[in-house]
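*Asks:* Below you will find the structure I want to go over with you.
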Amino acid sequence: MGKTLTQKMLERHLVAGIYEPGSEIGVRIDQTLTQDATGTMAFLQFEAMGVDRVRTDRSVSYIDHNTVQIGFENADDHRYLQNVAARYGVYLSRAGNGICHQVHLERFGRPGTTLLGSDSHTPTGGGVGQIAIGAGGLDVALAMAGQPFYLTCPRVIGITLTGKLRPWVSAKDIILKILELFGTKGNVGCVFEYGGPGVPMLSVPERATIANMGAECGVTTSIFPSDEETKRFLRAQRREGEWEEHAADPDALYDKVITIDLSKLVPLAATPHSPGNIRAVNDLEGMEVHQVCVGSCTNSSYRDLMVVAETLKGKKVHPGVSFILAPGSRQVVAMLARNGALADLIETGVRLEENACGFCIGNSQSPQSGAVSLRTSNRNFLGRSGTKDANVYLVSPETAAAAVITGRITDPREIGIPCPEIAMPNSFLIDDSMIIPPPDDPERIEIYRGPNMGEPPASEPFPGTISGVVTIKVGDNITTDHILPAGARMKYRSNIPAYSRYLFEVVDPDFYARAREVKDAGRHNIIVGGLSYGQGSSREHAAICPLYMGVKAVIARSFERIHAANLINFGIAPLTFKNEEDYEAVQQGDSLKIPDIRGRIETGRPLVVRNTTRGAEYEVACDLSERAGKILLAGGMLSLIRNAGKQE
């Protein structure tokens, strides 16, 4: 039996374990990426490891998230990132050069390699045939130090694409269809692998859109074959020498196969407040739109923005709409400027934003109260836009452009003009002047640390018994944005005590005060969650800040991969209910005791939770590999590393 592309790639990089779905494996990482929202802490952790130089083939630090500089905090962290990159052999993409995933695809993504990024949308690299995986910053720091990345060997789901997209239907509609089919939960430990006669019809930027938003399904990553279309893209980026052909064997065996006929797809939208709430655009037609935002790492490529420019050429923005455009990279905006498309957009009435994440993470362009905002980004979680009562719909650039004209949600097939046909350039504009390579004399670099910057919090060894209070109980699909907001709050990313004040701010503004009281009383804080706890961003602060507030256990119905790994890395036990009725019975404020949890984890015995408030007792599961168990019991990965150093 032949092998899937995923199996070939992982086996090629395997350094620990065997390729057996469900088992733990360790893989060699060729490339890493970090961004300023998560990378600051990642580099603080890397420094704590005492390694003198990164040990990957290529590591790149991007400044693309917190580029709005109100107050000194962001600017200070950016200077730190520039210094630390130069000191340890990392390339730095400066603020304004573009969004990490778009720039990495253009300038660094390489078929056949592994990429680990401290951002959940790192799987964008699957568009060029990379095994590209999002992870917490500590895991990326370890990879930069030359350590393997450990993951559950995935099950591979084959997605066969047939046919050809019809006019006004695009790659965004493909991934929205996949979200409709698979949902946002229940896909942990899987990889989406694309194949079939429809794949050659898609350009690399279109493939990247699909791979990017596969993260919303909760899969480990998504990957496309590296073929002639990949070669064409790399040639246009003057990187043809980096191309290699990679594909699944014709007789590869998949855990599951679905087929999508591209010719039958229609424009789709994700409705509030989840990327998994999918409806056809024509079912929503006529709804008034107040804001349209085009950009983000999902849909900000040259192809996407040219479609919008051509659709809007000679037209004006509807008077009821605020139209925002955030190009994905300096390369994209420079090409639009040179071919006249940028001038056309300006004449239309666009509000041009920096080449950065911007509106997608809620640090700019928050809509008005109660607004309907159409966005080409990948997440529409409650409050993520910065306006809690706004309703955000995720759509394609084509559907977004239609709303700019009409002021309402409109099926782009009904606007009465021909769909633009955008040819991929034979040559992209190459200017890497805002990418700073590491110097030849790194020892001269002095690393700047601003007054807002602290050290990663210390963690004690995991306790023998957990005795505490359910400080909060939440439902299903709680994201890391619910746990800890992005946007303006993210300027505290290197100041854990300050950032911790905003834990669960969107869900329950009183959480911090309750947790502070429990911690000050010398008891543990315990979080109870529903299904798919920890969706969304790889932001490890959603584990670090609970650690700082004395959280030692999260008991949920199920966890998403990255967040569960982050909890373990910072000494918090991710426990799962065995029975739904146990989840239903526990209430916020209950006192819980988990006796001898340390000894039971060490010996593999069942874990028992005693609800002393309600007189109940039940078992919970703690599914840990031997390696993960050692990390947890040490109090987290940094504690394990420090203890190992002392023993040496």
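Here, each number is a calculation from the coordinates, and none is a lab measurement. Just so it is clear, the model here is predicted, and its values are computed rather than measured. We place every Cβ from the backbone using ideal geometry, glycine too, and count neighbours over all the protein chains shown.
*Asks:* Would you mind putting 622-630, 35-43 in packing order, based on average other-beta-carbon counts within 10 Å, highest first? Spell out each step's value before the answer.
*Replies:* Details: 622-630: 15.4, 35-43: 28.4.
My ranking of the peptides, most packed first, is 35-43, 622-630.
*Asks:* With θ set to phi - 60°, apply the Karplus curve 6.51 cos²θ - 1.76 cosθ + 1.60 along region 473-479 and write out the HN-Hα couplings as whole Hz, x wherever there is a Gly or Pro.
*Replies:* With coefficients 6.51, -1.76 and 1.60, one gets 10, 10, x, 6, 6, 6, 9 Hz.
*Asks:* Straight-line reach from K578: which lysines have a Cα under 20 Å away, not including same-chain ones fewer than 8 places off?
*Replies:* Hits, sequence-local ones excluded: K185, K473, K552, K593.
*Asks:* Report ³J(HN,Hα) in whole Hz for each residue of region 347-354, in order, from the Karplus equation J = 6.51 cos²θ - 1.76 cosθ + 1.60 where θ = phi - 60°; Gly and Pro get x.
*Replies:* 5, 5, x, 6, 9, 8, 9, 5
*Asks:* Can you give the net charge of the other residues whose Cβ lies under 12 Å from the Cβ of R79, counting K and R as +1 and D and E as -1?
*Replies:* It works out to a net charge of -3.
*Asks:* Now for a separate question. Select from V317, N299, F46 the residue farthest towards the positive end of the dipole of the chain; place +1 on Cβ of Lys and Arg, -1 on Cβ of Asp and Glu, and compute about the Cα centre.
*Replies:* Sorting the options by dipole projection puts first F46.
*Asks:* Percent relative contact order of region 281-386, based on C-alpha pairs within less than 8 angstrom and at least six residues apart?
*Replies:* Details: 174 pairs, mean separation 39.4, N = 106.
Once normalised by length, the contact order is 37 percent.
*Asks:* If amide H atoms are built 1.01 Å from N in the plane of the peptide, which residues on other chains or at least 5 residues away come under 5 Å of the amide H of L116?
*Replies:* Counting only residues 5 or more places away or on other chains, the set is Q31, T32, L33, I133.
*Asks:* May I ask for the equivalent-ellipsoid semi-axes of region 161-236, computed as the square root of five times each C-alpha gyration tensor eigenvalue and listed largest first in whole Å?
*Replies:* For region 161-236, the ellipsoid semi-axes come out as 22, 15, 10 Å.
*Asks:* Please list log₁₀ I(q)/I(0) at q = 0.09 Å⁻¹ for the chain, using the Debye equation with identical point scatterers on the alpha-carbon positions.
*Replies:* -0.70
*Asks:* Let me ask something else. Could you order the peptides 247-256, 494-503, 183-192 from most to least packed, using the average number of other C-beta atoms within 10 Å per residue?
*Replies:* Going from most to least packed, we get 183-192, 494-503, 247-256.
*Asks:* Whose amide H sits under 5 Å from the amide H of I466, counting only residues 5 or more places off or on another chain, with H placed in the peptide plane?
*Replies:* Excluding prolines and chain starts, which carry no amide H, the hits are I594, D596, I597.
*Asks:* Looking at the chain, what % of its DSSP beta bridges pair antiparallel, to the nearest 5?
*Replies:* 30
*Asks:* Per-residue HN-Hα couplings for region 541-546, Karplus 6.51 cos²θ - 1.76 cosθ + 1.60 at θ = phi - 60°, whole Hz, x for Gly and Pro?
*Replies:* Computed from phi, the couplings for region 541-546 are 4, 5, 10, 5, 5, x Hz.
*Asks:* Using Cα pairs closer than 8 Å and at least 6 residues apart in sequence, work out the relative contact order for the chain, in percent.
*Replies:* The value is 14 percent.
*Asks:* Ok, one more. Compute the relative contact order of region 466-647 as a whole-number percentage, counting only Cα pairs closer than 8 Å that sit 6 or more residues apart in sequence.
*Replies:* Working: 358 pairs, mean separation 41.5, N = 182.
Value for region 466-647: 23 percent.
*Asks:* Whole Å is fine, so just give me how far the alpha carbon centre of region 75-89 lies from that of region 398-454.
*Replies:* 22
*Asks:* How much length, in nm to one decimal, is gained on full extension between I70 and K264, taken as 0.36 nm per residue of separation minus their Cα-Cα distance?
*Replies:* Taking I70 through K264 to full extension adds about 65.1 nm, to one decimal.
*Asks:* Taking the Cβ of R413 as the centre, find all other residues whose Cβ is under 12 Å away and add up their charges (Lys, Arg: +1; Asp, Glu: -1).
*Replies:* -4
*Asks:* Suppose every K and R has +1 on its Cβ and every D and E has -1 on its Cβ; what is the size of the dipole of the chain about the Cα centre, in Debye to the nearest 20?
*Replies:* That gives the chain a dipole magnitude of about 480 debye.
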